[in-house]
Amino acid sequence: MNIAVLGSGYIGLVTGTSFAEVGHNVVCVDVDQRRIAQLQQGRLPVFEPGLTDLLRANLGSGRLTFTTDLEQALSLCSVVFIVVGTPQRDDGSANLDFVWTVVDQIREMARDEKLVVIKSTVPVGTNREAQERLNTGCDMQHRVASNPEFLREGLAVDDALGPDRIVIGVGDPKSQQTLEELYAPFTQRGAPLLSMEWESAEVTKYVADCLLATKISYVNEMANFCEAVGADINSVRRGIGHDPRIGFHCFAPGAGYGGPCFPKDIRAMRAMGRSVGASMRILQAVDEVNEAQKSRVLEKLADQLGSLAGVRIAVWGLAFKPDTDDIRESPGLDLLQQLLEAGAIVQVHDPQAMDNVRHFFGDDICYGADPYEAAEATEAVAIMTEWPAFQAVDLGRLRDTMAGNVIVDGRNLFDPAQMAASGFRYCSIGRRSVARSLVDVDAIEAMPTTVPTVPTTPTAPTA
């Protein structure tokens with residue numbers, strides 16, 4: 001099948017490349033000429049594990065091409081995917097300007113009937129309005145379908161090639177038949193295709209993201225309570241996570257969620273609720289808890305160090321999650337801004353997101369080539385993203401590199417007793433803060449070196 005994918009961001013690239021991988025002919029369109037030139041050369045403008053190899057293989061096969069010429073792309077395809085951004089407005093609602101621009105261009109440029117599939121996250125009623133907008137005053141009758149994405153940045157290639165479900169919202173049998181044929185390579189591997197009306201498909205995406213965000217805010221609120229009463233949230237999490245009704249996924253404490261989906265989708269859902277008089281009190285609390293949680297690391301730094309003015313502090317982790325360079329709504333960026341406002345001297349490291357951070361912070365902060373360089377001569381290190389490289393650091397080398405010994409771990413990567421034995425004043429989320437003097441070091445050193453492992457970090461479900 002011949003497909004055009006309009007928008008070459010994270011989701012558009014993964015969508016187009018995965019369709020090409022299963023045998024479809026795909027042309028990806030974007031207005032950014034520099035981005036398209038990069039892609040034509042097989043170079044990704046974003047970091048996503050596994051995507052570069054997949055992109056180059058399909059470029060080489062001729063099944064995947066890139067262009068800025070929308071009219072030409074439309075002439076080559078029968079199915080058009082809209083995968084453009086829907087950023088947040090000041091009132092929290094989704095801004096559909098990019099969607100409507102593309103819809104209007106399709107109406108003006110298409111020379112035959114298309115199935116227009118909206119993969120962008122859009123409010124209820126958008127697909128119905130898009131069909132009316134496409135066909136008003138038009139000799140042709142285009143069809144519209146909803147096909148929300150559930151990709152997780154960092155795992156997007158696996159999610160695209162092996163989806164746990166495919167949701168489609170359709171308004172006619174022909175659209176459903178076309179999408180069934182399009183997704184046949186995936187459903188033949190066992191992925192369920194769930195067909196429903198437009199409105200239900202639109203809501204499904206929001207409800208999924210809002211529920212996952214709710215789990216994160218809930219466990220963070222419980223972590224703060226555990227910390228106040230001397231309980232250990234990791235122990236509590238083990239005690240409830242084995243219940244299959246609860247599980248471990250998206251249920252780990254930390255410095256708050258971020259990324260391109262959870263924050264804006266929570267607020268867009270609240271805005272939709274306001275527009276129809278439906279209360280969204282739970283989602284309001286979820287958002288408020290998360291915003292407060294983003295300040296927990298700063299509070300812990302101030303508790304340990306007092307005034308932060310002139311204090312040299314390292315921040316490890318700026319991407320909103322590991323295995324991506326995406327810094328949108330990242331708790332690490334919030335901490336950077338808070339530290340700068342407090343007068344701290346900030347040194348940072350992230351394995352993938354450094355260029356994106358430089359774009360926003362320039363010379364206001366210092367950039368370390370690795371975790372140790374970022375920690376050089378610092379009084380404290382704050383950990384904001386659960387990159388494996390951070391958990392693998394040599395603690396002795398780190399202690400020698402720092403001027404002070406404070407570690408504020410916003411992702412609970414380390415064992416508190418081990419950190420105390422290594423000479424650190426260690427604070428985490430939902431667990432007691434420790435220092436060397438508070439533990440029996442001889443007993444710790446005699447403890448077994450291996451312990452049963454339990455998942456400790458959530459994996460975000462979308463890009």
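The values are calculated or read from the model by the stated rules, or taken from the named source; none is laboratory data. On a predicted model such as this, the values are computed, not experimentally measured, just so you know. Note: ideal-geometry Cβ built from the backbone for every residue, glycine included; neighbour counts use all protein chains shown.
Points to keep in mind about this one:
- Any chance residue 247 is closer than 25 Å to residue 320 by Cα and at pLDDT below 95: yes
- Taken as a whole, segment 284-303 holds at least one residue that is in contact (Cβ under 8 Å) with a residue 12 or more places away in the chain, acidic (Asp, Glu) and in contact with a helix residue (DSSP H, G or I) (Cβ under 6 Å, 6 or more places away or on another chain).
- Among the numbered conditions (1) in contact (Cβ under 8 Å) with a residue 60 or more places away in the chain; (2) not in a strand (DSSP E or B), the only one that residue 408 does not meet is (2).
- The residue list 297, 315, 286 contains one member that is farther than 18 Å from residue 410 by Cα, buried (at least 22 other Cβ atoms within 10 Å of the Cβ) and β-branched (Val, Ile, Thr), which is 286.
- Selection within segment 372-402 - in a loop (DSSP other than H, G, I, E, B) and closer than 21 Å to residue 320 by Cα: 384, 385, 386, 387, 392, 393
- Checking each residue in segment 146-173 for being touching a residue at least 40 places away in the same chain (Cβ under 8 Å) and basic (Lys, Arg) picks out only 152.
- With respect to the conditions (1) assigned to a helix (DSSP H, G or I); (2) over 25 Å from residue 283 (Cβ atoms), residue 209 lacks only one, and its number is (2).
- Looking only at segment 181-209, and only at residues there that are surrounded by fewer than 21 Cβ atoms within 10 Å (Cβ to Cβ) and in contact with a helix residue (DSSP H, G or I) (Cβ under 6 Å, 6 or more places away or on another chain), the one that is farthest from residue 13 (Cα to Cα): 195
- Test: residue in segment 86-96 that is modelled with pLDDT of 95 or more, over 30 Å from residue 387 (Cα atoms) and aliphatic (A, V, I, L, M): yes
- Subset of segment 232-250 that is crowded, with 20+ Cβ neighbours inside 10 Å and not basic (Lys, Arg) - its residue that is nearest to residue 415 (Cα to Cα): 234
- In segment 117-145, the residues that are under 25 Å from residue 260 (Cβ atoms) reach residues that are part of a loop (DSSP other than H, G, I, E, B) and among the acidic types (Asp, Glu) with C-beta atoms within less than 7 angstrom, at least six apart or across chains, in these pairs: 119/149.
- Residue pairs whose Cβ atoms lie under 8 Å apart, sitting 6 or more positions apart in sequence or on different chains, and linking a residue in segment 357-375 that is closer than 13 Å to residue 317 by Cβ to a partner that is assigned to a helix (DSSP H, G or I) and not small (Gly, Ala, Ser), are 357/333; 357/336; 371/390; 371/398; 375/398; 375/401.
- Those residues of segment 52-107 which are aromatic (Phe, Trp, Tyr) and assigned to a strand (DSSP E or B), in sequence order: 66, 81
- Of the helices (runs of 4 or more DSSP H) lying entirely inside segment 264-366, those containing at least 2 residues that are within 18 Å of residue 153 (Cβ to Cβ) are 331-341, 354-361.
- Condition met for residue 229 (outside the structural domain of residue 92 (by TED's automatic domain parsing), touching a residue at least 60 places away in the same chain (Cβ under 8 Å), over 24 Å from residue 150 (Cβ atoms) and not aromatic (Phe, Trp, Tyr)): no
- Tally, over segment 167-180, of residues that are small (Gly, Ala, Ser) and either surrounded by fewer than 16 Cβ atoms within 10 Å (Cβ to Cβ) or not in a strand (DSSP E or B) (or both): 2
- In the set (1) over 19 Å from residue 169 (Cα atoms); (2) in a helix (DSSP H, G or I), residue 127 fails one condition alone, (1).
- Some residue of segment 181-196 being among the hydroxyl-bearing types (Ser, Thr, Tyr) and either under 24 Å from the mean Cα position of the chain (by Cα) or assigned to a strand (DSSP E or B) (or both): yes
- Beta carbons closer than 7 Å, at least 6 apart along the sequence or on distinct chains, pair a first residue in segment 190-203 that is under 7 Å from residue 169 (Cβ atoms) with a second that is among the charged types (D, E, K, R) for 198/128.
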